[in-house]
Amino acid sequence: MSATRYTYLGPEGTFTEAALRTLPEAATRELVPMVSVPAALDAVRGGQAAGALVPIENSVEGGVTATLDELAKGDPLMIYREVVLPIAFALLVRPGTALKDVKTVTGHPVAQPQVRNWLAAHLPDAVWESAASNADGARLVQEGRYDAAFAGEFAAATYGLEPLVTEIHDAANAETRFVLVGRPARPAAPTGADKTSVVIWLGDDHPGALLELLQEFAARGVNLMRIESRPTGRGIGNYCFSVDAEGHITDRRVGEALMGLKRICPQVRFLGSYPRAGVAPEDVGPLRPGTSDDEFSAASDWLARCADGRF
């Protein structure tokens, strides 16, 4: 395995590359752009890279389905870090292009909902076609395939383009969350401000099936930060659930919730426990009464005394 190589959703100039370069260790790694999320993750599975940074969630569009699906299938991978990056687009064009000249535009499919209103107001007749990434859209503009691309302003220099309009976003404070993914290993020690990610498959479709799943978290005071259903590919109505929960697998409330899920679900894939981006332990609210590790230990001791006749 190459311990010095990280892959990412390329080509050069993507928001993913910008997010990756915020990690201190990126300065000492070879950063290799890949053509797709599956390609970036397969390089990790195959040992050609130690880690891959890929987008997983956008505050406007929701989950990045390519990443969610890839993490749910194939050889297991694990999330070790997350990066949250503010997102604003620039309209990149070849030098000399005016706004009235833009008839075709391109960008990543996740970008379109974030600029839809701006497009309707300023380029109502422009035809949108999706690209593999925003930076790939910039490359296609450089080649003359399209008139303009929505991408990060920082991509302009890489592709010899000019930012015709900057700071484009329909939703203020839009953000994208990226995750650093590697081969399975022991999770990092808990920080007090952690997140645990899992994929859960239901055993069968029956009334209350999803409620039973959620109760494993609720009964132990584990807050869910995200839950999304994804098709398994085994027919209409057959879904798995991608879940982010507050806490670390070594927290008793989280560990026991995962054990509960394992008892009632045919498959549970652990995707990692890792620090929450931009959140310090002092920023995390208090636990619900009865859900701390000490309270779980006290309850366990009480049960043992009862079993021994030591009331």
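The values are calculated or read from the model by the stated rules, or taken from the named source; none is laboratory data. All values derive from a computational prediction rather than experimental measurement. Here Cβ is always computed from backbone atoms with ideal geometry, including for glycine, and neighbour counts include all displayed protein chains. When the accessible area is computed, the model is the full protein with side chains, heavy atoms only, and any ligands, DNA or RNA have been set aside. Shrake-Rupley method; radii C 1.70, N 1.55, O 1.52, S 1.80 Å.
Here are a few things to note about the model shown:
- Members of the range 130-154 that are touching an Asp or Glu at 6+ places or on another chain (Cβ under 7 Å) and either at positive phi or surrounded by fewer than 24 Cβ atoms within 10 Å (Cβ to Cβ) (or both): Asp147
- Residues in the range 173-195 that are assigned to a loop (DSSP other than H, G, I, E, B), out of contact with any Asp or Glu (no Cβ under 8 Å at 6 or more places or on another chain) and open to solvent by 10 Å² or more (accessible area, probe 1.4 Å): Asn173, Arg183, Pro184, Ala185, Arg186, Pro187, Ala188, Ala189, Thr191, Gly192.
- The requirement of being in contact (Cβ under 8 Å) with a residue 24 or more places away in the chain, open to solvent by 10 Å² or more (accessible area, probe 1.4 Å), part of a strand (DSSP E or B) and not assigned by the TED database to the domain that holds Val243 is not satisfied by Val54.
Residues checked against (1) at negative phi; (2) over 16 Å from the mean Cα position of the chain (by Cα); (3) not in a helix (DSSP H, G or I); (4) not assigned by the TED database to the domain that holds Gly247:
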{"site": "Ser197", "(1), (2), (3), (4)": "yes, no, yes, no"}
{"site": "Leu211", "(1), (2), (3), (4)": "yes, yes, no, no"}
{"site": "Glu216", "(1), (2), (3), (4)": "yes, yes, no, no"}
{"site": "Val222", "(1), (2), (3), (4)": "yes, yes, yes, no"}
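Conditions (1) closer than 30 Å to Ala193 by Cβ; (2) in the same structural domain as Thr16 (by the TED database); (3) not β-branched (Val, Ile, Thr), marked per residue:
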| residue | (1), (2), (3) |
| --- | --- |
| Glu70 | yes, yes, yes |
| Ile79 | yes, yes, no |
| Val93 | no, no, no |
| Ala131 | no, no, yes |
| Gly137 | no, no, yes |
| Tyr146 | no, no, yes |
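- For the range 259-271, the count of residues that are surrounded by 17 or more Cβ atoms within 10 Å (Cβ to Cβ) and over 24 Å from the mean Cα position of the chain (by Cα) is at least one.
- So Ala98, is it of a type outside the set (Lys, Arg), touching a Ser or Thr at 6+ places or on another chain (Cβ under 9 Å) and either over 16 Å from Phe15 (Cβ atoms) or not assigned by the TED database to the domain that holds Val181 (or both): no
- Which numbered condition Ala90 fails, given (1) part of a helix (DSSP H, G or I); (2) modelled with pLDDT of 95 or more; (3) among the small types (Gly, Ala, Ser); (4) under 28 Å from the mean Cα position of the chain (by Cα): (1)
- The range 196-211, residues that are open to solvent by 40 Å² or more (accessible area, probe 1.4 Å) and out of contact with any helix residue (DSSP H, G or I) (no Cβ under 6 Å at 6 or more places or on another chain): Gly203, Asp204, Asp205, His206, Pro207, Leu210, Leu211
- Leading residue by the ranking (least open to solvent (accessible area, probe 1.4 Å)) among those in the range 224-249 that are among the basic types (Lys, Arg) and touching a residue at least 24 places away in the same chain (Cβ under 8 Å): Arg226
- When the residues of the range 26-51 are filtered to those that are open to solvent by 60 Å² or more (accessible area, probe 1.4 Å) and free of Cβ contacts under 8 Å to residues at least 40 places away in the same chain, the one that is nearest to the chain's Cα centre (by Cα) is Asp42.
- Flag for Ile227 being of a type in the set (Val, Ile, Thr) and either in contact with a helix residue (DSSP H, G or I) (Cβ under 6 Å, 6 or more places away or on another chain) or in a loop (DSSP other than H, G, I, E, B) (or both): no
- Single condition Gly63 does not satisfy, out of (1) at pLDDT below 95; (2) open to solvent by 50 Å² or more (accessible area, probe 1.4 Å): (2)
- Checked against (1) at pLDDT 95 or above; (2) under 29 Å from Gly46 (Cβ atoms); (3) not small (Gly, Ala, Ser), Arg234 passes all but a single condition, namely (1).
- Residue in the range 66-83 that is buried (at least 17 other Cβ atoms within 10 Å of the Cβ) and hydroxyl-bearing (Ser, Thr, Tyr) present: yes
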